[in-house]
1. Let me see the pair-distance distribution of the chain: every alpha carbon pair, 20 Å bin width, integer percents in order.
2. How large is the helix-only mean residue ellipticity at 222 nm for the chain, computed as the sum of -39500 (n - 2.57) over DSSP H runs with n ≥ 4, divided by its residue count, in deg cm²/dmol to the nearest 500?
3. Per Stokes-Einstein, at 20 °C and 1.002 mPa s, what whole-number D in µm² s⁻¹ belongs to the range 271-348, with the Kirkwood radius over Cα pairs as the hydrodynamic radius?
4. On a straight-distance basis, which aspartates and glutamates could pair with Lys130 in a cross-link, Cα separation under 14 angstrom, same-chain partners fewer than 8 positions away excluded?
5. Determine how large the accessible area of Asp60 is when every protein chain is in place; take a 1.4 Å probe and give Å² rounded to the nearest 10.
6. Run the reach check for Lys281 against lysines, Cα to Cα strictly under 26 Å, same-chain hits fewer than 8 apart removed. What comes back?
7. From the backbone phi of the range 232-246, what are the Karplus-calculated ³J(HN,Hα) couplings (6.51 cos²θ - 1.76 cosθ + 1.60, θ = phi - 60°) in whole Hz, Gly and Pro given as x?
8. How large is Rg over Rh for the range 253-305, taking Rg from the Cα atoms and Rh as the Kirkwood inverse mean of 1/r across Cα pairs?
Amino acid sequence: MNKIKILIIAIAVASVSFGQTESLQDLINTAMEVSPKIKMLEMKKQAASNRIEQNSNLPDPMLTLGFANLPVNSFSFTQEPMTGKIVGLSQAFPFPGKLSEQADVNSKDVDIVEQEILDSKNEIRKNVIKNYNELIYVRKAISIANGSKDLLNNIAEVVRTKYSVSTASQQNLLKVELEISNITEKIEDLKSRENAHLSVLNSYLLRSADSPIATTELSDIHYLGFTVDALIDSSVKFRPFLEGIKEAKQKEILKQSLVEYDYYPNFNLALQYSFRDRIEKTNTPLDDFFSVMVGISLPLNYGGKVSSKVEETESMQRLYDEQYEMSLQMLRSAFGFSIAKLTSLRERLKLIEEGSLIQANENLKSTLTSYQVGQVDFLNVIDAQNSLLKIENDLYRLKTDYLNEIVELEFLTGTKF
């Protein structure tokens, strides 16, 4: 009965653990959902959207209340026929088309922030994947080191046995124990690096630094052929950062059209009604007055204030053109470097997988066999073991670097390979 209970509890624990396992995509999605930067940009986008209606509608009308031609000797409303109580209403009207142009300018701020959001999401994806890959690598390095340590412990047992029967020297025994100490120190250093990458990943997830994160194996490597021109084309089409620069320039073009409306007049329509009282001396009734007035601004461009605004927008357009070209120049440099690095990594991976790794494994097996029958010295075993450990670490390091470089290219181009 107790065994059945233990089995049920074990299954339940395993089920909970399985339910809590997060894939890499789950981690990316969570990081984007909780990111304060993304939330900040969403609020920035909302604020930009709210500004559209603020500046693209007519200003409030003006209500005017007052007295006209009130005599100062009596302040009476019934003494003079021109005295009256006035109620007026006025409304300002910009030149036709100006308000819609203002709305178009403000709407571009929404588009610009949207590109900021997309680029920030891509950056979060890049950083999460890179740290996840590094975490996989460190854990794999720990596993390899532990395997080497176990092997060295087995070798140490053989050396101790031989030492007890005087067929191995004390120097050999001290040497193997030193190697075990060295690899133990290496494992502790790797665990420290594991905790560092775990902390970084959890910071993106807004979790405590030591929250556990399960990892799988490194993704399969698919060797792709890249050219600088093809990557530039992808960036031009899909990179949100570059699209944001184009949107910023487009805003300045629209802003130039808006500013040019200042060369045209604005209007003001005013309605006024004057209430007049009966003249007291003559008992004469008086009719009320109604007035209509239209005001037209005179765009004289004093001191070149309007033309300087136009020139400012033209300068900003050229600024964004140069920023765009500068960004492409930097991307060309980065792509050239990445292609060279990927080519080198691919060749080194091929050499290790098809040559060095196989040779190192065979060499260690052969050396162990020879040592057990006394054909080689113990130092040969240590050298063979260290050689294999280094090659295995190099293999996973190169794979991690290759995948991380691909992720960097995906971020710079705004695509997924």
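The values are calculated or read from the model by the stated rules, or taken from the named source; none is laboratory data. Here the structure is a predicted model, which means the values were calculated and not measured. Quick reminder, even Gly has a Cβ in these numbers, built from the backbone with ideal geometry, and neighbours come from all protein chains shown. These area figures cover heavy atoms from the full protein model, side chains too; ligands, DNA and RNA do not enter into them. Shrake-Rupley method; radii C 1.70, N 1.55, O 1.52, S 1.80 Å.
1. The distribution over the chain is 17, 30, 23, 15, 10, 4, 2, 0, given as percents.
2. Taken over the chain, the calculation gives -24500 deg cm²/dmol.
3. Numbers: Rh = 20.5 Å.
Roughly 105 µm²/s, to the nearest whole number.
4. Straight-line reach from Lys130, under 14 Å: Glu194, Glu217, Asp401, Glu405, Glu408, Glu410.
5. Using a 1.4 Å probe on the heavy atoms, I get roughly 140 Å².
6. Filter leaves Lys85.
7. 4, 4, 5, 4, 4, 7, 10, 6, x, 4, 5, 5, x, 5, 5
8. Computed over Cα atoms, the ratio is 1.41.
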